[in-house]
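Peer 1: Here it is: the structure, laid out below.
What follows draws every value from the coordinates through simple rules; no lab data is involved. These numbers come from a predicted model, not from an experiment. Cβ: placed from backbone, ideal geometry, glycine included. Neighbour counts: every protein chain shown.
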Amino acid sequence: MRGLHVALGGTPILTGVDLTVAVGEWVTVIGPNGAGKSTLLRAVGGLLPAPKAITLFGTPSAALRRRDRARVVATVAQSPVVPPGMSVLDYVLLGRTPYIPALGRESTADVDAVHEVLGRLDLSGFHRRELATLSGGERQRVFLARALAQGATLLLLDEPTSALDIGHQQDVLELVDQLRREHGLTVLATMHDLSLAGEYADRMVMLAGGQVVAAGTPPEVLTEELLATHYRASVRVVPGAHGPLVVPVRPTRP
Amino acid sequence: MTGPLSAARPAGLRKRWLVAGLFAVLVALVVGVSLGPVSLPPGSVAAELLNLFPGVHLDSGLTEREIAIVTELRLPRVVLGLLVGGLLALAGGCYQGVFRNPLADPYLLGVAAGAGLAVTAAIALGGAGRQGTLSGLPMTIPLAAFAGSLLAVTMTYVLGAAGGRRGSPAMLILAGVAVSAFLSAGQTYLLQRHADSIQPVYSWLLGRLATAGWHDVLLVLPYAVLTTVVVLLHRRELDVLAVGDDEARSLGLHPQRTRYLLIAAASLGTAAAVSATGLIGFVGIIVPHTVRLLAGSSYRVILPMSLLFGGAFLALTDVVARTVAAPSELPIGVVTALLGGPFFVLVLRTARRVLT
């Protein structure tokens, strides 16, 4: 496994993005709205017809059949569709789809795998609940459970905390980090909350206008200068225990 | 109550629901064959139906003439009702899943209107049914209806997508209504130009099982089998499609490919049903929703149960249609709407009470 190389040229949204994510690493992509973060994730997830430049664990993404790719890459979308009436168990079982033969049905092994994942995420008591009745934090855990049930080692998280309060944001990110350590997962995420992003990522990549404008460790990327240039934001960056803390400051008017 | 989950098992057809569905079909079969201008004792009818199986010989106590009524007149009519009702409900449930739209059904999508126009054209221009009866429909009629229904569903889909915001439920239904109106206008125009076919076309349009013989059953059967097999094989895929195309794709499916295949299958079923019995509304929307409210929202439940309950519902509706105003018959399309509407409201209210 050599990691991941992305170079999307030609598409209007991402122009010549180079990105390598090492196995077991957590890389967070940041950037202002419209920078192309979600597009980048969709491309890696094989949802866009531009995967020629993408290599997954040494295999060109284009050479993978969709099912095989689904066993390697799992995506948690920014706001996944919550099908009405579907139970948590059935929803997480959808994650087994790449292992279920076409037109077939789940085996006992699939159901066992799902119960194992539910147990790991403290969701065992929830399996009969209807997904639509869960709170935002519980739902996010269920979405993660479905991705884990896919058995993929590369996890793509698009704004995993955008719908959560600050406590649940930390819960979810701690959980992802714990899972990553225990199971050797590779995480590629996009985030808007820069302080949180910096606390959990090994490396960060800042996108702007479809190009990489900065890449490196959180302290290298989260600088007042870069954020002022690309986010047009007025911030203070304070060193913290786990990474720089980005504090918005109201601009002083002349 | 959260649906059919009685244990930590994946969604699927529970045995009790399957038994209930099969029981409904059996009841419809016996009741449908027993009741009519000449009422026959249900026990004898059941015995006579068992006699149709090879190797079974029971004494039903029916006369030769009564046996002929059972096997040549009523049985094909009931079987056709089961087939058509099952197909319409199955197609409705399938469309609802494929379009992720609870309002989708063969009528609202314009599929039935497309099939109707095609059949009208075949009758008016092709001269089929000139003799005032359609019992001898040529085998090509379902194919014409299939072409018409595919054309209609494609128009609806394209029109619905052209309004921007793909997948918006309202846009799709709006497009379906527009396509329906357009195709119905074409049908009216054709009828105006060919006044001699008004009578056969009109009696067909209102929905008829009256003239059904084994010929019609054989006409519908191959299409029914094909549609049922294709749709039921994809029941799990429809559950995956419920989470959206992007998610389905990242789970390794080909949503668009599955969608086209299922649209074609459901349209084929609709076309076969429409070409055999005319326009019978309401079954395609109320049966799947009733199943959804009672038995759960997974397509692994909805589709097979719609097939069984849709068939039973239409066969029983037909009993009402031919007995209420005997000796004349009510158009079955009228009865499905008259019975189905209040029934659906009842189910909706009860289910909501149970759920809250």
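Peer 1: To make sure I understand, if each residue's beta carbon is the centre and we count other beta carbons within 10 Å, what order do B:ILE280, A:ILE30, B:ILE123 fall in, fewest to most?
Peer 2: Working: B:ILE280 31, A:ILE30 28, B:ILE123 23.
Listed from fewest to most nearby Cβ atoms, that is B:ILE123, A:ILE30, B:ILE280.
Peer 1: As an exercise, use a Förster radius of 56 Å and the Cβ-Cβ distance of B:HIS194 and A:THR252 to find the FRET efficiency, rounded to the nearest 0.05. Mind dumping the intermediate values first?
Peer 2: Working: r = 82 Å, r/R0 = 1.47.
With a Förster radius of 56 Å, E is 0.10.
Peer 1: I'd like the FRET efficiency for B:ALA68 and B:ASP246, computed as 1/(1 + (r/R0)^6) with the beta carbon distance as r and R0 of 60 Å, rounded to 0.05.
Peer 2: Values: r = 59 Å, r/R0 = 0.98.
The computed FRET efficiency comes out at 0.50.
Peer 1: B:PHE53 versus A:ALA163, label points 7 Å from Cα toward the beta carbon: distance in nm?
Peer 2: 5.1
Peer 1: Among A:TRP26, B:TRP17, B:TRP214, which comes first, then next, by fewest other beta-carbon atoms within 10 Å?
Peer 2: On the way: A:TRP26 23, B:TRP17 20, B:TRP214 14.
Fewest-to-most Cβ neighbours within 10 Å comes out as B:TRP214, B:TRP17, A:TRP26.
Peer 1: Could you point to the residue in A:SER234, B:PHE309, B:ALA121 farthest towards the positive end of the protein assembly as shown's charge dipole, with +1 and -1 charges on the Cβ of Lys/Arg and Asp/Glu respectively?
Peer 2: B:ALA121
Peer 1: Here's another thing I want to ask about it. Rounded to the nearest 5, what % of DSSP beta bridges with both residues in the protein assembly as shown are antiparallel?
Peer 2: On the way: 19 of 36 bridges.
Here the antiparallel bridges make up roughly 55 percent for the protein assembly as shown.
Peer 1: Quick one: grab the alpha carbon gyration tensor of chain B, order the square roots of its eigenvalues as a ≥ b ≥ c, and give me rounded if a/c is under 1.5, else prolate or oblate depending on whether a/b is larger than b/c. Spell out each step's value before the answer.
Peer 2: On the way: a/c = 1.87, a/b = 1.16, b/c = 1.61.
Note, shape of chain B comes out oblate.
Peer 1: How much length is gained if the chain between A:THR15 and A:SER38 is pulled fully straight, taking 0.36 nm per residue apart and subtracting their Cα-Cα distance, in nm to one decimal?
Peer 2: Numbers: separation 23, 0.36 × 23 = 8.28 nm, distance 1.40 nm.
So the extension gain works out to 6.9 nm.
Peer 1: While we're looking at this one, here's another question. Given contacts defined as C-alpha pairs under 8 Å and at least six residues apart, what's the relative contact order of the stretch A:4-248, whole-number percent? Numbers along the way, then the final one.
Peer 2: On the way: 435 pairs, mean separation 65.0, N = 245.
Relative contact order, the stretch A:4-248: 27 percent.
Peer 1: State whether the protein assembly as shown is rounded, prolate or oblate according to the following rule on the C-alpha gyration tensor (a ≥ b ≥ c being the square roots of its eigenvalues): a/c under 1.5 gives rounded; otherwise a/b larger than b/c gives prolate, and the remaining case gives oblate. Please list the in-between numbers first.
Peer 2: Details: a/c = 2.88, a/b = 2.15, b/c = 1.34.
Prolate shape, in that a/c is at least 1.5 and a/b is the bigger ratio.
Peer 1: To the nearest 500 deg cm²/dmol, what mean residue ellipticity at 222 nm is calculated for chain A from DSSP H runs of n ≥ 4 alone, each contributing -39,500 (n - 2.57), summed and divided by the residues? Write down the numbers at each step before the final one.
Peer 2: Values: 9 runs with 85 residues, N = 254.
After summing the helix terms and dividing by the residues of chain A, the value is -9500 deg cm²/dmol.
Peer 1: What is the set of long-range amide H partners of A:VAL212 at a cut-off below 5 Å, with H atoms built 1.01 Å from backbone N?
Peer 2: Residues meeting the amide H criterion: A:ASP18.
Peer 1: For chain B, what's the relative contact order in percent, using C-alpha pairs closer than 8 Å and at least 6 residues apart? Could you put the intermediate results ahead of the total?
Peer 2: On the way: 571 pairs, mean separation 106.5, N = 356.
Once divided by the residue count of chain B, the mean separation gives 30 percent.
Peer 1: Still on this model: Would you work out the relative contact order for the stretch A:61-181, in percent, from Cα pairs under 8 angstrom that are 6 or more residues apart?
Peer 2: On the way: 136 pairs, mean separation 49.2, N = 121.
RCO, the stretch A:61-181: 41 percent.
Peer 1: Let me ask something else about it. At what distance in nm do the modelled label points of A:HIS192 and A:GLU220 sit from each other, each positioned 7 Å from its Cα along Cα→Cβ?
Peer 2: 2.8
Peer 1: Continuing with the same structure: Scanning chain B for helices, which whole DSSP H stretches are 30 Å or more long along the axis (Cα) and average 0.0 or more by Kyte-Doolittle? The partial results should precede the final answer.
Peer 2: Values: long enough: B:75-98 (34 Å, 1.51); B:140-162 (33 Å, 1.61); B:169-193 (36 Å, 1.12); B:255-277 (32 Å, 0.57); B:299-323 (36 Å, 1.22); B:332-355 (33 Å, 1.50).
Going by DSSP H runs, the hits are B:75-98, B:140-162, B:169-193, B:255-277, B:299-323, B:332-355.
Peer 1: Can you tell which of B:GLY85, B:GLY148, B:GLY186 shows the greatest fluctuation in a Gaussian network model of chain B with Cα springs below 10 Å?
Peer 2: Highest fluctuation of the listed residues: B:GLY186.
Peer 1: For peptide A:70-82, how many partner chain Cβ atoms fall within 10 Å of a residue's Cβ, on average? Can you show the working numbers first?
Peer 2: On the way: counts 5, 1, 0, 1, 2, 5, 2, 5, 0, 0, 4, 9, 2.
Whole-number average of other-chain Cβ neighbours for A:70-82 is 3.
Peer 1: Subtracting the Cα-Cα distance from 0.36 nm times the residue separation, let me have the gained length for A:ASP68 to A:SER124 in nm, one decimal. Mind showing how you got there, number by number?
Peer 2: Working: separation 56, 0.36 × 56 = 20.16 nm, distance 2.82 nm.
Difference between extended and current length: 17.3 nm.
Peer 1: Suppose every Lys and Arg Cβ carries +1 and every Asp and Glu Cβ carries -1, with no other charges. What dipole size does the protein assembly as shown come out with about its Cα centre, to the nearest 20 debye? It would help to have the intermediate numbers written out before the result.
Peer 2: Details: 48 positive and 39 negative charges, 89 e Å.
Rounded to the nearest 20 debye, it is 420 debye.
Peer 1: Which value in nm describes the separation of the simple spin-label points at B:ARG9 and A:ARG236, placed 7 Å from the Cα toward the beta carbon?
Peer 2: 6.2
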